[in-house]
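Data first, discussion second: the structure below is written as structure tokens.
The values are calculated or read from the model by the stated rules, or taken from the named source; none is laboratory data. Because the structure is a prediction, the values reported are computed rather than measured. No Cβ is skipped: glycine too gets one built from the backbone with ideal geometry, and neighbour counts run over all protein chains shown. For the accessible areas, the whole protein counts, side chains as well, though only heavy atoms, and no ligand, DNA or RNA atoms are used. Shrake-Rupley method; radii C 1.70, N 1.55, O 1.52, S 1.80 Å.
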Amino acid sequence: VLLVESGGGWVQAGGSMRLSCAGSGRSFSGDAMAWFRQVQGKERGFVSCVAWISRTYYADYVKGQFVISQDNAKNAVDLQMNSLKPEDTAVYYCASRERRYYSSNPKNYKFWGQGTQVTVSS
């Protein structure tokens, strides 16, 4: 089972970036899929989740700024990030859990990608 993130890189503040997470080895259509982010020296924090009946959830600090979407045909989940700020700089991780219910706790996620660096310059 593999999750692979792509789309990270460098962007100026105010710009946009789209992250993608492609799954292989099993179908993730029955999972809750989420994005987390981590800054060095800090705990991994919840960003967004798509769960039961495609309901979406967002951390307060990205509401109205990020959009999560899942494509079951591609076994993938994307994160569209708009109006990026320097404080959005982090390594972004894709994760899935074998229950279709929302959770913001990284301990509830079984499968993880390797992470992709997003750097937003001021």
Percent accessible area from carbon and sulfur atoms, the chain, protein chains only, probe 1.4 Å: 48 percent
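On a full-extension model of 0.36 nm per residue, what is the gain between GLN38 and VAL1, subtracting their alpha-carbon distance, rounded to one decimal in nm? Please list the in-between numbers first.
On the way: separation 37, 0.36 × 37 = 13.32 nm, distance 2.23 nm.
The GLN38-VAL1 span can extend by a further 11.1 nm.
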R0 of 41 Å, Cβ-Cβ distance SER122-LYS74: FRET efficiency to nearest 0.05: 0.75
Selection from SER104, GLN65, SER6, by position along the positive dipole direction of the chain (Cβ): SER104
Approximate shape of segment 41-119 as ellipsoid semi-axes (Cα gyration tensor, √5λ), whole Å, largest first: 20, 15, 13
Integer Hz, Karplus 6.51/-1.76/1.60 couplings in order for segment 62-75, x for Gly and Pro: 10, 4, x, 10, 10, 9, 9, 8, 10, 10, 5, 5, 9, 6
Solvent-accessible area per residue, Å², over segment 3-72 with all protein chains present [probe radius 1.4 Å]: 52 Å²
Lysines whose Cα lies under 30 Å from that of LYS74, excluding same-chain neighbours fewer than 8 positions away: LYS63, LYS85, LYS107, LYS110
The chain: Cys lacking any partner C-beta under 4.7 angstrom: CYS49
